1. Which residues in segment A:352-385 have a backbone N closer than 13 Å to a point placed 7 Å from the Cα of A:T411 along the Cα-to-Cβ line?
2. Radius of gyration and Dmax for segment A:305-415's Cα atoms, expressed in Å?
3. Pairs B:K187/B:K272; B:K102/B:K414; B:K2/B:K96: which exceed 29 Å Cα-Cα?
4. Counting only protein chains, not ligands or nucleic acids, how are A:T359, A:T67, A:T47 ordered by accessible area (probe 1.4 Å), most first?
5. Starting from segment B:319-396, pick out the trypsin sites (Lys or Arg not before Pro) whose DSSP state is loop and whose Cβ has at most 14 other Cβ atoms within 10 Å.
6. Once you list every other residue whose beta carbon is under 12 Å from the beta carbon of B:I419, what net charge do they have if Lys and Arg are +1 and Asp and Glu are -1?
7. Expressed as an acute angle from 0 to 90° and rounded to the nearest 10, what is the orientation of the C-alpha long axis of helix B:408-419 relative to the principal long axis of chain B?
8. Hey, with R₀ at 41 Å, roughly what FRET efficiency would B:I476 and A:D382 work out to, going by the Cβ-Cβ distance, to 0.05?
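The values are calculated or read from the model by the stated rules, or taken from the named source; none is laboratory data. Every value quoted in this text rests on a predicted model; they were computed, and no experiment measured them. No Cβ is skipped: glycine too gets one built from the backbone with ideal geometry, and neighbour counts run over all protein chains shown. Side chains are part of the model used for accessible areas, which takes the heavy atoms of the whole protein and leaves out ligands, DNA and RNA. Shrake-Rupley method; radii C 1.70, N 1.55, O 1.52, S 1.80 Å.
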Amino acid sequence: MAGICGIYAFDEIWNVSRFVYYQLMAIQSRGQEGVGLSVTDYEKVRTLTASGTVQESLLSEKINELTGPAGVGGVSTRGINGYVTEDVAIYYDGSVELTADAVDALRNDLETMKEEDAVRRFTSKLSGAYSMIILTKDKMIATRDALGIKPFVIGGVGFDLAVVASETSALDVIGAEFSRDIEPGEIVVIDKHYIDEIKSEQRKDPAHCIFEYVYLARIDSKINEIDVHEIRKKIGVLLAKEKPVEADVVIGVPETAIPFAMSYSNKTGIPIDIGFMRTGRHLRTAIRPTQMERMIGVQLKLNPVKTAVRGKRVVLIDDSVVRGTTMRNIVNLLRKRGAKEVHVRIGSPQLVSPCPFGTEVPATDELIAVENTEDEIARIIDADSFGYLHLEDLKKALGGECYCSGCMTGTYPEV
Amino acid sequence: MKFMIVGSGGREHAIAETATRSGYEVYTASDARNPGLLAMSKELHVVDILDGAAVAKVAHNVQPDVIFIGSEESLFAGVSDTLRKEGFNVIGASQKTAEIEKSKGFMRKLMEKYGMHGRLRFKTFSNINEAIRYIDEYPGSVAIKPTRQAGGKGVKVIADIQAYLKEEKSHAKKRHVSDIVEQKLSKDLEDPILIEERVEGVEYTLQCFTDGTHIVPLKMVQDHPHAFVEDIGPETGGMGSIAGTGNVLPFLTKRDYDTSFDIVKKVVQAIKKETGEPYFGVLSGQFMLTEKWGPTVIEFYSRLGDPETVNVMPQLQNFDEIVNGMMNGNVANIDAKFEEKANVVKVVAPKGYPNERGMGKGHEVAIDFDKVAQSGSHIYFGSMYEENGTYYTGGSRALEVYASADTVEEASQKVEQAISHIKSDWKLFHRKDIGTKALMQKRQDQADLARDIFRYREARGLIGKTIDWIPGIGKIET
Ligand SMILES: Nc1ncnc2c1ncn2[C@@H]1O[C@H](COP(=O)(O)OP(=O)(O)O)[C@@H](O)[C@H]1O
Ligand SMILES: [Mg+2]
């Protein structure tokens with residue numbers, strides 16, 4: 001998983017490096033392992049990379065070393081999600097491989113042909129999903145794969161800046177005005193003297209990643225013209241309708257499951273309470289097999305608030321279940337704090353298949369939902385009952401068929 | 001009747017066409033051989049249009065019944081005064097009264113002095129450091145402008161809301177203030193720097209003819225100041241305009257219209273009191289619908305707008321009645337009559353505009369006029385010239401493409417079609433988004449939001465008020 005962002009100033013009075021830095025913080029939830037930031041001063045593209053989160057990485061100390069009127073960056077769950085040289089920096093969210101040869105060819109083509117043609121040629125050789133930003137010495141180019149799998153938006157600030165990012169949260173953080181989603185297959189070329197929007201001629205049906213809405217995107221973001229928070233609230237209502245249970249209190253696992261819990265509570269009338277406090281900083285528990293251990297550790301930083309659950313029948317709501325280990329630990333914690341019953345509800349449909357497009361859904365044999373029914377899962381995690389959101393309901397909430405739900409069905413669109 | 005125009009752009013082309021359509025014989029004094037004006041004029045005299053004596057010489061030659069001054073710089077230079085002194089019948093503000101456009105400082109002071117609706121907090125400076133100190137201490141976001149009208153250049157609007165980006169923004173603001181002074185954007189004005197309160201909302205223009213007492217408003221138009229699609233990119237003189245079927249823009253209300261008109265009326269009165277001269281000519285208000293005031297003044301033009309003129313003039317039914325009224329010094333009881341059509345204008349500019357105009361100069365442009373006509377659109381020439389039957393760009397906004405239809409969206413599509421028949425080896429650009437459903441919806445949303453907050457403030461008696469609390473100083477209510 002990854003997040004990308006970029007800023008282009010039309011006027012050299014601006015130094016954008018700190019703007020990009022704050023943008024990166026606003027999409028930090030899309031990856032905390034690696035961060036890269038590149039800035040051009042029209043002469044040269046300079047880059048800083050670091051591991052860890054934006055704020056805690058070396059980036060914080062070194063950001064003043066970069067100055068210039070245009071810059072781009074990325075955060076990722078694995079190293080740097082891009083490729084940088086001294087005259088071009090590329091960051092992407094998706095599943096493509098950028099080889100040195102391909103990037104060299106692109107650099108060459110950018111010198112000799114129209115930007116859109118150079119970029120088209122470059123991306124036509126890639127296979128996989130991508131939302132991608134290419135920073136050259138004097139241009140910023142944004143492009144999105146033909147299915148629009150990964151989110152991508154564009155906006156501006158006054159008469160001064162053009163801004164692109166994975167999520168609108170990275171526009172809001174710098175006070176930019178949202179303009180629109182970059183369309184599937186589109187190329188946007190931003191130059192000092194023009195902005196070219198080249199829409200794709202071969203329009204396919206889009207296949208936006210459905211997992212963004214239940215888990216990946218921030219709730220203050222709007223992607224593919226849909227407010228994420230609205231969908232999360234609808235999911236809570238659907239869970240309440242489809243998987244009702246008699247209980248005394250609703251508790252959401254912070255932070256992503258809180259909106260589900262809130263609207264589940266509103267719909268059922270069962271009061272919501274704050275069930276957990278977290279020790280340490282918030283880390284997105286990106287679901288990735290090699291990270292499983294770490295994820296469990298993170299989740300265990302959650303400490304139940306005793307009086308919220310003691311003697312009560314609890315509806316515990318989380319956003320997803322992978323192996324079930326974490327959930328079992330949480331259920332167990334609640335029982336130890338005196339919960340009389342624990343009913344687990346999940347705000348996403350079951351994950352049954354890995355994601356070929358760059359989201360780290362674990363391999364099939366690591367997914368509890370592949371082999372087990374809801375009742376069996378309840379027994380494994382020691383819950384009184386267990387229920388998922390139905391995929392059909394999720395689609396209904398989103399109101400359309402233009403989504404990739406491969407991790408929930410095992411069927412993938414063709415990129 | 002002989003109708004003489006002073007000016008050289010797309011605006012003047014549209015005026016010339018309207019005058020011809022209304023039965024006048026058009027003569028032009030221009031500093032460029034604008035191909036559109038050339039085609040419309042019986043005679044086109046190339047002359048320095050800032051030189052009153054030179055323009056008067058042309059006028060003596062032509063002996064026009066009426067002279068219409070299109071260009072603001074001519075007004076600032078006192079060309080209308082000279083022509084009047086020589087006995088000509090002139091439609092155009094005097095040098096003194098045109099100050100309302102030339103100096104945004106004059107305009108702001110006037111509004112302040114007369115306590116007018118739609119005014120903004122401001123201060124002008126001659127000293128860079130004092131301006132910077134004011135910006136640093138200002139409890140909010142500001143717009144930084146050259147005090148003088150600079151032809152759609154030099155305005156920066158910098159929202160300063162994120163504390164963590166304050167330093168970066170402060171740095172940019174300081175550089176901009178220095179740029180205004182160093183690049184002499186305010187020319188000879190005493191206080192070249194204007195800092196004013198930043199507001200938010202949708203913008204629109206209300207253009208009016210006035211004899212100094214009575215006012216004839218034209219239909220409202222919306223300009224698009226950003227260079228590129230989606231309202232992104234540098235400030236320009238305007239990249240296109242839209243108007244709805246009625247006098248009120250689709251996203252505005254009758255009340256917005258009335259308030260705006262009332263502001264223009266009060267300004268006409270105030271100018272007379274202040275300068276001792278009646279305002280005689282065209283006065284256009286550029287407004288923004290904000291939560292602070294509803295209609296709020298951004299600036300005034302002492303002439304018709306560009307690209308606003310091309311939007312409204314082709315549909316104006318009784319131009320001659322208005323001109324007659326102006327010639328007799330009285331436009332009482334005249335209403336401008338328009339066809340019930342929605343209009344869209346899109347500007348086509350060469351790459352290089354607005355920031356490096358030199359680079360966009362001298363490039364060949366081919367126009368397939370038949371195809372353009374088939375699309376139902378019409379082309380007005382701006383910064384263009386012709387040599388041996390070939391058109392070349394002049395570096396600034398080259399063409400204005402106009403169409404009208406039952407809806408704004410339809411008109412926009414016609415214009416798009418026409419623009420596809422304008423070709424050049426040099427990159428030309430225009431705003432595809434002007435007049436699209438998506439952009440119209442965005443304007444509607446912005447306007448609704450501004451009105452909602454405005455109504456809340458109105459109910460609490462807060463219209464036009466700003467209340468700040470500054471540590472160590474206390475509460476300041478303005
Ligand atoms: N006080 C302000 N608050 C917000 N935006 C402003 C303000 N003043 C100007 N602007 C923006 O800047 C643009 C240009 O400013 P304006 O005063 O009209 O100068 P110009 O003479 O260059 O047209 C306006 O169209 C508006 O978009
Ligand atoms: Mg203006």
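1. none
2. 15.6, 52
3. B:K102/B:K414
4. Result of the area sort, largest leading: A:T67, A:T47, A:T359.
5. Here the sparse-neighbourhood loop sites are B:K337.
6. +3
7. Compared with the principal axis, the helix lies near 60 degrees.
8. On the way: r = 63 Å, r/R0 = 1.53.
It comes to 0.05.
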